[in-house]
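The values are calculated or read from the model by the stated rules, or taken from the named source; none is laboratory data. Just so it is clear, the structure is predicted and the values come from calculations on it, not from any experiment. Cβ placement follows ideal geometry from the backbone for every residue including glycine, while neighbour counts extend to all protein chains displayed.
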Amino acid sequence: AQSVTQLGSHVSVSEGALVLLRCNYSSSVPPYLFWYVQYPNQGLQLLLKYTSAATLVKGINGFEAEFKKSETSFHLTKPSAHMSDAAEYFCAVSDMAGTALIFGKGTTLSVSS
Amino acid sequence: ETGVTQSPTHLIKTRGQQVTLRCSSQSGHNTVSWYQQALGQGPQFIFQYYREEENGRGNFPPRFSGLQFPNYSSELNVNALELDDSALYLCASGSLDYNEQFFGPGTRLTVL
């Protein structure tokens, strides 16, 4: 069965610093992988998705993620954090039928000035 | 902008009652999925509807049921509410062709 594990429930960075949020997946088939962001009291916004077209995926707001099959990882990065990036981030994998998204427990990103 | 809307925004019910949550899908999408997000957790898949039929279900009891209408709007019904049903309920519309889901803002349900 598909699953994702997000390492680190809370990550704190300074404004302008590199953001690295970790996600490892488990899948018996080539996966569809996603990163979503959730701001307080809001729904989920799609940041980017991996569909096997390219291993480096660029998303919105300057975020990108690299699919590494050998490490079963799909880490999310941003070169320079902004205060507005403070939010909850979720990694997700699509189930084999392409029906359900299976989410990790989330990582809270805090950005300090 | 996703175009997925949900109503109501907040809802308070008592244990044992029934509740109906509503979702209006984004134009052009043919699937509607519902997720439950407990406080501090990631969303959990409840079920998906495609062409008005249930197209997949997560590990939720039958008292969670749904409907999809011809205009792709959807309802989530929960009977015999329990305290643990308190959560943010998210609706997501999408397309099986593109394997993408776009989420609405959610309905916050509190069961007392």
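Can you give me the number of residues within the stretch A:27-57 that are part of a strand (DSSP E or B) and closer than 30 Å to B:CYS23 by Cβ?
If we filter the stretch A:27-57 for residues that are part of a strand (DSSP E or B), which is where we start, we get A:33-38, A:44-50, A:56-57.
With closer than 30 Å to B:CYS23 by Cβ added as a condition, the list becomes A:33-38, A:44-50, A:57.
Total meeting the criteria: 14.
If a residue must be more than 10 Å from chain B (Cβ to nearest Cβ), under 22 Å from A:SER26 (Cα atoms) and surrounded by fewer than 20 Cβ atoms within 10 Å (Cβ to Cβ), how many such residues does the stretch A:93-113 contain?
1
Could you check B:LEU88 against (1) over 26 Å from A:THR5 (Cβ atoms); (2) at pLDDT 95 or above; (3) within 13 Å of the chain's Cα centre (by Cα) and say which number it fails?
Single failed check for B:LEU88: (1).
Here are B:GLY106, B:GLY3: which of them is within 13 Å of chain A (Cβ to nearest Cβ), small (Gly, Ala, Ser) and either surrounded by 22 or more Cβ atoms within 10 Å (Cβ to Cβ) or within 26 Å of A:PRO30 (Cα to Cα) (or both)?
B:GLY106
Would you point out which residue out of A:TYR25, A:TYR36, A:TYR50 is touching a Pro at 6+ places or on another chain (Cβ under 7 Å) and either over 30 Å from B:THR107 (Cβ atoms) or touching a residue at least 24 places away in the same chain (Cβ under 8 Å) (or both)?
Working: A:TYR36 fails: touching a Pro at 6+ places or on another chain (Cβ under 7 Å); A:TYR50 fails: touching a Pro at 6+ places or on another chain (Cβ under 7 Å).
None of the others qualify; the one that does is A:TYR25.
Based on what the data block shows, is B:LEU76 away from chain A (no Cβ under 14 Å), in a strand (DSSP E or B) and farther than 30 Å from A:ALA53 by Cβ? Can you show your working first?
Numbers: away from chain A (no Cβ under 14 Å): yes; in a strand (DSSP E or B): yes; farther than 30 Å from A:ALA53 by Cβ: yes.
In short, yes.
Of these, A:PHE90, A:PHE74, which one is under 11 Å from A:TRP35 (Cα atoms), aromatic (Phe, Trp, Tyr), touching a residue at least 12 places away in the same chain (Cβ under 8 Å) and within 9 Å of another protein chain (Cβ to nearest Cβ)? Steps first, answer last, please.
On the way: A:PHE74 fails: within 9 Å of another protein chain (Cβ to nearest Cβ).
Of A:PHE90, A:PHE74, the one residue that is under 11 Å from A:TRP35 (Cα atoms), aromatic (Phe, Trp, Tyr), touching a residue at least 12 places away in the same chain (Cβ under 8 Å) and within 9 Å of another protein chain (Cβ to nearest Cβ) is A:PHE90.
Does the stretch A:20-27 contain any residue that is within 14 Å of chain B (Cβ to nearest Cβ), of a type in the set (Gly, Ala, Ser) and surrounded by fewer than 21 Cβ atoms within 10 Å (Cβ to Cβ)?
Yes, that holds for at least one residue.
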